[in-house]
1. Is one or more of the residues making up the range 14-35 assigned to a helix (DSSP H, G or I) and at pLDDT below 85?
2. Show the residue pairs meeting these rules: Cβ distance below 6 Å; 6+ apart or different chains; first residue within the range 2-21 and exposed (fewer than 10 other Cβ atoms within 10 Å of the Cβ); second residue of a type in the set (S, T, N, Q) and modelled with pLDDT of 95 or more.
Amino acid sequence: MDILYLLIPLALVLLLIAIGAFIWASRSGQFDDLEGPAHRILMDDDDPRIPGRGKPDADAGPGGDGADLKRRQD
């Protein structure tokens with residue numbers, strides 16, 4: 001029974017810390033845009049960064065005609 005004198009104040013202190021962390025996160029903008037990063041990962045804007053895209057002859061391989069590259073893209 002004496003342990004409750006320790007556990008109840010400890011639980012209240014942890015609750016206050018959790019509430020303080022939530023308020024700090026809300027004020028600092030942590031919850032402003034929850035869907036933006038999920039949609040941003042689906043955007044197809046990273047194609048220009050892929051080297052060799054648009055130059056099938058450079059990545060043609062041993063055959064030199066790029067036919068295997070064309071088959072993979074289809």
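1. no
2. Pairs found: none.
The values are calculated or read from the model by the stated rules, or taken from the named source; none is laboratory data. Model, not experiment: these values are computed from the prediction. Cβ: placed from backbone, ideal geometry, glycine included. Neighbour counts: every protein chain shown.
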